[in-house]
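Here is the structure we will look at, set down as structure tokens.
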Amino acid sequence: MDKKKLDDNAVDAHTELNAEAEANNAAVAVKIEPKSADTPSKQTHRQSSTSDTNAKRAGVSWGFLFNLIFILLLTFATCGGGYYLYLELAVQKDRSQALSLELKQALNEPAKQISRLEQQQQQLASRTNSGIDKLTNNQLQLSDRVAKLAQRNPNHWMAEEAKYLVRMAGNKLWLEKDPSTAASLLKAADDRIESMKDPSLTPLRKALASDIAWVSAIKSTDIAGTVLTLDNMIEHLNLLPLNRVDVTNAANRPTKPEMTESIDDWQENLTKSWKAFMDDFVVIRKRTTDITPILTPDQQWYLVENIRNKLLQSQLALYRQDQVNYRQSLTLARKWIYQYFDLSQAQTKKTLAALDALSTLEIQTPSINHFQSTPMLQQLATHGNLMVTEEDPL
């Protein structure tokens with residue numbers, strides 16, 4: 001719109017200038033006609049004024065063109081600048097939209113994290129509250145139990161002690177295989193019940209007496225001593241002398257003839273000397289039994305290790321209360337020692353005697369799997385008395 005207004009103004013100015021120029025030309029022509037008889041000096045003066053007028057017309061038209069061109073250039077420059085500014089504004093708008101999107105996304109992530117943290121905080125708060133409630137309930141229960149225990153008499157503490165002793169007796173009997181210590185613990189529990197001086201606890205003492213009799217009847221086995229004996233035997237296996245081949249026996253042992261001191265027996269003595277010389281020169285031995293070959297060093301090592309392995313298996317069977325495997329392992333170890341070691345040596349004889357003594361060991365397992373007094377002690381420790389069921393009268 002600004003460009004159109006500028007073009008209309010330029011056209012109006014150009015028409016006005018043309019109208020003024022035509023009016024001036026007409027006035028000049030009117031003035032020249034009545035004064036045609038003037039002098040030559042006036043004509044020259046008129047010519048000079050006409051040339052000045054033409055020069056003024058030419059100056060006005062060049063300035064107008066210059067102004068017009070300047071206005072057009074300014075218009076184009078203004079239009080170009082406006083278009084450039086429009087493009088820059090569009091780019092800035094796109095950038096601002098992209099930045100706004102990034103800012104929204106950047107703000108969404110903290111919002112999500114905040115919401116997630118709030119949910120976790122709520123869950124943690126709920127768990128904490130539930131845990132506090134549980135602790136409060138447990139504390140109340142403990143307070144009730146402490147109050148009940150405070151109301152009890154000292155006999156309840158002795159009942160708890162007797163219950164603990166019976167439980168320890170069970171551990172000694174079934175876990176450690178120690179019936180003698182278990183019987184001692186049961187007797188100590190009976191002493192605690194006796195010290196309570198309560199006639200209503202007679203069934204409990206009767207059950208304890210039955211348990212003590214059962215445990216005392218179990219033959220205790222010195223497992224620790226037996227294991228130590230086997231350890232000593234294992235350590236001295238390398239010192240046992242191996243059996244060597246003895247090729248001389250009664251059948252091929254040479255007999256030296258006896259020489260007489262009489263000179264008359266010189267022929268007989270000469271015959272005996274010749275025979276002894278020939279026996280030493282050519283030796284012929286006879287055996288009535290099989291010859292046991294000598295073991296190589298590798299075979300000797302394997303023999304000792306196999307015997308050691310069998311003794312270790314007997315120890316394991318002893319700990320497991322497995323009498324069958326215990327005796328089988330000892331029997332096989334004794335067989336190998338008797339077959340491959342020198343029986344004339346005192347150490348070998350001592351080892352065989354020890355194995356014979358260990359083979360006679362009897363391992364007796366407990367025949368009971370619980371004590372009769374355990375449920376009664378539980379009732380006494382919980383309720384303060386025995387819950388004895390009375391029989392209905394006839």
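The values are calculated or read from the model by the stated rules, or taken from the named source; none is laboratory data. Just so it is clear, the model here is predicted, and its values are computed rather than measured. Cβ atoms come from the backbone with ideal geometry, glycine included; neighbour counts cover every protein chain shown. Note: areas computed on protein heavy atoms with side chains; ligands, DNA, RNA excluded. Shrake-Rupley method; radii C 1.70, N 1.55, O 1.52, S 1.80 Å.
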Please give the number of the condition Ser130 fails out of (1) modelled with pLDDT of 85 or more; (2) within 30 Å of Ala317 (Cα to Cα). (2)
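Residue-by-condition table, conditions (1) of a type in the set (Phe, Trp, Tyr); (2) modelled with pLDDT of 70 or more; (3) closer than 25 Å to Gln347 by Cα:
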{"residue": "Asp231", "(1), (2), (3)": "no, yes, yes"}
{"residue": "Asn249", "(1), (2), (3)": "no, no, yes"}
{"residue": "Asp265", "(1), (2), (3)": "no, yes, no"}
{"residue": "Gln300", "(1), (2), (3)": "no, yes, yes"}
Output the number of residues of segment 75-131 satisfying the condition of being of a type in the set (A, V, I, L, M) and either in contact with a helix residue (DSSP H, G or I) (Cβ under 9 Å, 6 or more places away or on another chain) or in contact (Cβ under 8 Å) with a residue 24 or more places away in the chain (or both). 0
Any residue that is touching a Ser or Thr at 6+ places or on another chain (Cβ under 9 Å), among the polar types (S, T, N, Q) and part of a helix (DSSP H, G or I) - is there at least one of those in segment 142-153? no
Expected output for segment 192-204 (first residue in contact (Cβ under 8 Å) with a residue 60 or more places away in the chain, partner among the polar types (S, T, N, Q), Cβ below 7 Å, 6+ apart or cross-chain) is Ser200/Asn385; Leu204/Ser373
If you scan segment 153-180, which residues turn out to be out of contact with any Asp or Glu (no Cβ under 9 Å at 6 or more places or on another chain) and open to solvent by less than 20 Å² (accessible area, probe 1.4 Å)? Ala159, Gly170, Leu173, Pro179
Scanning segment 293-330 residue by residue, those open to solvent by less than 80 Å² (accessible area, probe 1.4 Å), farther than 29 Å from Leu173 by Cβ, in a helix (DSSP H, G or I) and not acidic (Asp, Glu) turn out to be Gln300, Leu303, Val304, Asn306, Ile307, Arg308, Asn309, Lys310
Which condition number in (1) farther than 15 Å from Ile368 by Cβ; (2) out of contact with any helix residue (DSSP H, G or I) (no Cβ under 9 Å at 6 or more places or on another chain) is the one that Leu175 fails? (1)
